[in-house]
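One structure below.
What follows draws every value from the coordinates through simple rules; no lab data is involved. Computed from a predicted structure; not experimentally measured. Cβ atoms come from the backbone with ideal geometry, glycine included; neighbour counts cover every protein chain shown.
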Amino acid sequence: MAGGKFAVGLNPYPPEGSAHGAELVEFLVASNPGVEPRSLAKVASGGELSRISLAIQVITSKAALVPTLIFDEVDAGIGGGVAEIVGRQLKTLGQERQVLCVTHLPQVAAQAEQQWSVSKSGSAGGVKTTVSVLDRKARIEEVARMLGGTEITSTTRKHAAEMLSPR
């Protein structure tokens, strides 16, 4: 978010304070140059919320040695090059601790050290969830599915294999 600004606002509670302290902490953001920061809750898009959330996690993880970080669709509202950068940030975090990330983006999934597939199937008896660790061949198929949608072609598989190759 080049040219953006992030600030923390400390808004005082009434003189008696509250059970949460003497001040209300509010994150303020300006995603474009020349714009004054405003309440994150009011101005950020889904993609901006995702990137800001990840940035906060990256920064705070350096201060606190949390052994496992879990991200549930931290990449919502983004795609393309931004998704690849988010994937790289998650990969960097994974070098120091365990990172679990739910994603539907091939650019993020391709950065992972290991990839799992989670699927659900329903019947009259209930819902069954299956979790499978993917080997290299299955990862190519899964990333190709993420890239290509309903029809997976040899071109899609080639692109997936290229994304999964070490750089």
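Things worth noting here:
- The listed peptides 130-139, 155-164, ordered by packing as a protection proxy, come out as 155-164, 130-139 (highest mean of other Cβ atoms within 10 Å first).
- Lysines with Cα under 17 Å of residue 91, excluding same-chain neighbours fewer than 8 positions away: 62
- Dipole magnitude of the range 1-147, debye to nearest 20 (Cβ charges: Lys/Arg +1, Asp/Glu -1, about Cα centre): 420 debye
- Long hydrophobic helices in the chain: the complete DSSP H runs spanning 24 Å or more by Cα along their own axis with mean Kyte-Doolittle hydropathy of at least 0.0 are 46-63.
- A simple spin-label model places pseudo-atoms 7 Å from Cα toward Cβ; at residue 13 and residue 130 they are separated by 5.1 nm.
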